[in-house]
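Presented below is the structure to which this report refers.
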Amino acid sequence: MPAVHEVRSMSSYDPESLNYLQKKLAGLLEAIQRPGFIDGLGLGNNYPSFVFEYEPVFEPLIEKSIHDLEGFLAVKRPDVQVSKIHLFDFARGYLAQQGKWEKSLQLEIQKGNDFIFGNLPRTLNGSAIAEHFLQTALYNAPGIILIHGVGMAWPMLRGHEVLKNLPQRMQELGKKIPLILFYPGEYDGKYLKPFGLFEDNNEYQAIRWQYS
(Lines give C-alpha, C1' and ligand atoms only; values in the text may rest on other atoms or scores of the structure.)
Protein backbone atom coordinates (compact mmCIF):
# COMPACT_ATOMS: atom_id res chain seq x y z
CA MET A 1 0.00 0.00 0.00
CA PRO A 2 1.46 3.43 -0.92
CA ALA A 3 2.22 5.97 1.77
CA VAL A 4 -0.73 8.19 2.56
CA HIS A 5 0.87 11.26 0.98
CA GLU A 6 2.15 9.49 -2.14
CA VAL A 7 0.11 10.55 -5.15
CA ARG A 8 -0.06 8.86 -8.53
CA SER A 9 1.30 10.74 -11.52
CA MET A 10 -1.22 13.34 -12.57
CA SER A 11 -1.05 11.94 -16.12
CA SER A 12 -2.51 8.63 -14.91
CA TYR A 13 -5.85 10.24 -14.03
CA ASP A 14 -8.62 11.13 -16.44
CA PRO A 15 -7.82 14.80 -17.27
CA GLU A 16 -11.42 16.02 -17.17
CA SER A 17 -12.19 14.33 -13.85
CA LEU A 18 -8.90 15.50 -12.36
CA ASN A 19 -9.54 19.08 -13.45
CA TYR A 20 -13.01 19.03 -11.91
CA LEU A 21 -11.73 17.65 -8.61
CA GLN A 22 -8.90 20.19 -8.44
CA LYS A 23 -11.40 23.02 -8.95
CA LYS A 24 -13.62 21.52 -6.27
CA LEU A 25 -10.69 21.30 -3.83
CA ALA A 26 -9.69 24.89 -4.63
CA GLY A 27 -13.28 25.94 -3.94
CA LEU A 28 -13.15 24.14 -0.61
CA LEU A 29 -10.01 26.00 0.40
CA GLU A 30 -11.53 29.31 -0.68
CA ALA A 31 -14.80 28.66 1.15
CA ILE A 32 -13.11 27.78 4.44
CA GLN A 33 -11.33 31.14 4.38
CA ARG A 34 -14.53 33.12 3.94
CA PRO A 35 -15.71 35.13 6.93
CA GLY A 36 -18.35 33.23 8.86
CA PHE A 37 -17.66 29.75 7.47
CA ILE A 38 -15.96 28.44 10.60
CA ASP A 39 -18.82 29.88 12.66
CA GLY A 40 -21.42 28.11 10.52
CA LEU A 41 -23.01 31.36 9.38
CA GLY A 42 -25.17 31.81 6.29
CA LEU A 43 -26.94 28.44 6.46
CA GLY A 44 -30.02 29.45 8.42
CA ASN A 45 -31.10 26.65 10.72
CA ASN A 46 -29.09 24.05 8.80
CA TYR A 47 -26.16 22.48 10.57
CA PRO A 48 -22.87 23.06 8.66
CA SER A 49 -22.43 19.40 7.74
CA PHE A 50 -21.11 18.75 4.22
CA VAL A 51 -20.40 15.74 2.01
CA PHE A 52 -17.44 16.17 -0.32
CA GLU A 53 -17.92 13.30 -2.77
CA TYR A 54 -15.18 12.11 -5.11
CA GLU A 55 -14.32 9.18 -7.35
CA PRO A 56 -12.57 6.41 -5.34
CA VAL A 57 -9.64 6.40 -7.78
CA PHE A 58 -8.65 9.80 -6.37
CA GLU A 59 -8.21 8.52 -2.80
CA PRO A 60 -4.43 9.24 -2.64
CA LEU A 61 -4.97 12.77 -3.95
CA ILE A 62 -7.76 13.39 -1.44
CA GLU A 63 -5.59 12.17 1.45
CA LYS A 64 -2.78 14.50 0.41
CA SER A 65 -5.21 17.39 0.00
CA ILE A 66 -6.59 16.85 3.51
CA HIS A 67 -3.05 16.86 4.88
CA ASP A 68 -2.28 20.05 2.95
CA LEU A 69 -5.52 21.66 4.14
CA GLU A 70 -4.64 20.91 7.75
CA GLY A 71 -1.20 22.48 7.23
CA PHE A 72 -2.70 25.52 5.51
CA LEU A 73 -5.10 26.16 8.37
CA ALA A 74 -2.28 25.78 10.89
CA VAL A 75 -0.49 28.69 9.17
CA LYS A 76 -3.36 30.89 8.02
CA ARG A 77 -5.86 30.21 10.82
CA PRO A 78 -3.88 29.06 13.87
CA ASP A 79 -6.95 29.92 15.94
CA VAL A 80 -8.87 27.08 14.26
CA GLN A 81 -8.24 23.66 15.80
CA VAL A 82 -8.71 20.86 13.25
CA SER A 83 -10.25 17.55 14.30
CA LYS A 84 -9.21 15.05 11.61
CA ILE A 85 -10.70 11.58 11.98
CA HIS A 86 -9.76 8.61 9.83
CA LEU A 87 -12.82 6.40 10.02
CA PHE A 88 -10.94 3.10 9.80
CA ASP A 89 -8.50 4.13 12.53
CA PHE A 90 -11.44 5.26 14.62
CA ALA A 91 -13.18 1.88 14.19
CA ARG A 92 -10.00 0.00 15.05
CA GLY A 93 -9.46 2.15 18.15
CA TYR A 94 -13.05 1.66 19.29
CA LEU A 95 -12.82 -2.13 18.90
CA ALA A 96 -9.49 -2.16 20.77
CA GLN A 97 -11.03 -0.16 23.60
CA GLN A 98 -13.82 -2.73 23.78
CA GLY A 99 -11.28 -5.58 23.78
CA LYS A 100 -12.55 -6.85 20.42
CA TRP A 101 -9.86 -5.88 17.93
CA GLU A 102 -7.48 -8.81 18.47
CA LYS A 103 -10.40 -11.22 18.56
CA SER A 104 -11.65 -9.79 15.27
CA LEU A 105 -8.25 -10.39 13.66
CA GLN A 106 -8.25 -13.99 14.88
CA LEU A 107 -11.76 -14.56 13.54
CA GLU A 108 -10.75 -13.07 10.20
CA ILE A 109 -7.96 -15.64 9.92
CA GLN A 110 -10.22 -18.49 11.01
CA LYS A 111 -13.42 -17.63 9.16
CA GLY A 112 -12.48 -15.10 6.50
CA ASN A 113 -13.41 -11.56 5.53
CA ASP A 114 -17.03 -12.37 4.78
CA PHE A 115 -17.63 -13.44 8.37
CA ILE A 116 -15.98 -10.30 9.77
CA PHE A 117 -17.76 -7.93 7.42
CA GLY A 118 -21.03 -9.64 8.21
CA ASN A 119 -20.67 -9.30 11.98
CA LEU A 120 -18.65 -6.16 12.71
CA PRO A 121 -21.32 -3.78 11.36
CA ARG A 122 -23.60 -5.01 14.16
CA THR A 123 -20.90 -4.12 16.71
CA LEU A 124 -19.99 -0.79 15.12
CA ASN A 125 -23.37 0.92 15.15
CA GLY A 126 -25.91 2.44 17.45
CA SER A 127 -25.83 5.23 20.00
CA ALA A 128 -22.78 3.94 21.89
CA ILE A 129 -20.38 4.29 18.99
CA ALA A 130 -22.03 7.55 17.93
CA GLU A 131 -21.36 8.99 21.38
CA HIS A 132 -17.76 7.76 21.28
CA PHE A 133 -17.37 9.34 17.87
CA LEU A 134 -18.75 12.60 19.23
CA GLN A 135 -16.22 12.61 22.06
CA THR A 136 -13.41 11.90 19.59
CA ALA A 137 -14.55 14.60 17.18
CA LEU A 138 -14.83 17.24 19.90
CA TYR A 139 -11.52 16.44 21.56
CA ASN A 140 -9.43 19.61 22.00
CA ALA A 141 -12.41 21.87 21.17
CA PRO A 142 -12.06 21.92 17.37
CA GLY A 143 -13.15 24.65 14.99
CA ILE A 144 -13.64 22.28 12.06
CA ILE A 145 -14.05 18.50 11.73
CA LEU A 146 -12.68 16.56 8.75
CA ILE A 147 -13.78 12.92 8.29
CA HIS A 148 -11.85 10.70 5.88
CA GLY A 149 -10.84 7.06 5.46
CA VAL A 150 -14.46 6.08 4.74
CA GLY A 151 -13.49 3.66 1.98
CA MET A 152 -11.07 1.74 4.19
CA ALA A 153 -13.67 1.38 6.92
CA TRP A 154 -16.48 0.16 4.63
CA PRO A 155 -18.38 -2.13 5.09
CA MET A 156 -17.49 -2.83 8.73
CA LEU A 157 -18.28 0.80 9.60
CA ARG A 158 -20.37 3.00 7.36
CA GLY A 159 -20.28 6.77 7.41
CA HIS A 160 -23.92 7.29 8.24
CA GLU A 161 -23.72 5.10 11.37
CA VAL A 162 -21.66 7.63 13.30
CA LEU A 163 -22.56 10.80 11.43
CA LYS A 164 -26.34 10.71 11.19
CA ASN A 165 -26.85 11.78 14.80
CA LEU A 166 -23.79 13.97 15.16
CA PRO A 167 -25.30 17.33 14.08
CA GLN A 168 -28.25 16.89 16.45
CA ARG A 169 -25.98 15.95 19.36
CA MET A 170 -23.70 18.92 18.74
CA GLN A 171 -26.67 21.26 18.55
CA GLU A 172 -27.83 19.88 21.88
CA LEU A 173 -24.40 20.83 23.22
CA GLY A 174 -24.76 24.32 21.75
CA LYS A 175 -22.05 23.78 19.14
CA LYS A 176 -22.14 24.59 15.43
CA ILE A 177 -18.83 23.23 14.17
CA PRO A 178 -18.44 22.74 10.40
CA LEU A 179 -18.05 19.08 9.48
CA ILE A 180 -16.82 17.83 6.11
CA LEU A 181 -17.19 14.17 5.19
CA PHE A 182 -14.85 13.18 2.35
CA TYR A 183 -16.84 10.46 0.65
CA PRO A 184 -15.56 8.00 -2.02
CA GLY A 185 -18.78 7.49 -3.91
CA GLU A 186 -21.93 9.41 -4.68
CA TYR A 187 -24.29 11.58 -2.66
CA ASP A 188 -27.51 13.02 -4.05
CA GLY A 189 -28.28 15.26 -1.08
CA LYS A 190 -30.14 12.50 0.71
CA TYR A 191 -28.62 9.07 0.12
CA LEU A 192 -25.00 7.96 0.23
CA LYS A 193 -23.85 5.46 -2.39
CA PRO A 194 -20.45 3.99 -1.45
CA PHE A 195 -18.00 3.76 -4.38
CA GLY A 196 -20.92 4.64 -6.67
CA LEU A 197 -21.73 0.93 -6.79
CA PHE A 198 -23.74 -0.08 -3.73
CA GLU A 199 -27.23 1.01 -2.78
CA ASP A 200 -27.10 2.01 0.89
CA ASN A 201 -30.67 3.30 1.37
CA ASN A 202 -29.64 5.17 4.51
CA GLU A 203 -30.44 8.85 4.65
CA TYR A 204 -27.81 11.34 5.71
CA GLN A 205 -28.92 14.92 6.23
CA ALA A 206 -26.04 17.04 5.00
CA ILE A 207 -25.25 19.60 2.33
CA ARG A 208 -23.74 18.27 -0.86
CA TRP A 209 -20.49 20.15 -1.46
CA GLN A 210 -20.88 21.94 -4.78
CA TYR A 211 -18.36 24.74 -4.51
CA SER A 212 -16.17 24.72 -7.60
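Checked against the criterion of being in contact with a Ser or Thr (Cβ under 8 Å, 6 or more places away or on another chain), surrounded by 12 or more Cβ atoms within 10 Å (Cβ to Cβ) and closer than 26 Å to Tyr204 by Cα, the stretch 38-55 contains one or more residues that satisfy it. Residues of the stretch 17-49 that are at pLDDT 90 or above and out of contact with any helix residue (DSSP H, G or I) (no Cβ under 8 Å at 6 or more places or on another chain): Asn19, Tyr20, Gln22, Lys23, Lys24, Ala26, Gly27. Quickly run through the stretch 49-86 and pick out the residues that are closer than 22 Å to Leu157 by Cβ and assigned to a loop (DSSP other than H, G, I, E, B). Glu55, the sole residue that qualifies. Residues in the stretch 162-180 that are in a loop (DSSP other than H, G, I, E, B) and modelled with pLDDT of 85 or more: Ile177, Pro178. Among residues of the stretch 142-161 that are crowded, with 19+ Cβ neighbours inside 10 Å and at pLDDT 90 or above, those with a Cβ under 7 angstrom from a residue that is of a type in the set (D, E, K, R) and in a helix (DSSP H, G or I), sequence gap 6+ or separate chain, pair up as His148/Glu63; Gly149/Asp89. Looking at Tyr139, Tyr183, Tyr187, just one residue is surrounded by fewer than 13 Cβ atoms within 10 Å (Cβ to Cβ) and modelled with pLDDT of 70 or more, and that residue is Tyr139.
The values are calculated or read from the model by the stated rules, or taken from the named source; none is laboratory data. Since this is a predicted model, take the numbers as computed values, not measurements. Ideal geometry is used to build each Cβ from the backbone, glycine not excepted, and the neighbour counts take in all protein chains shown.
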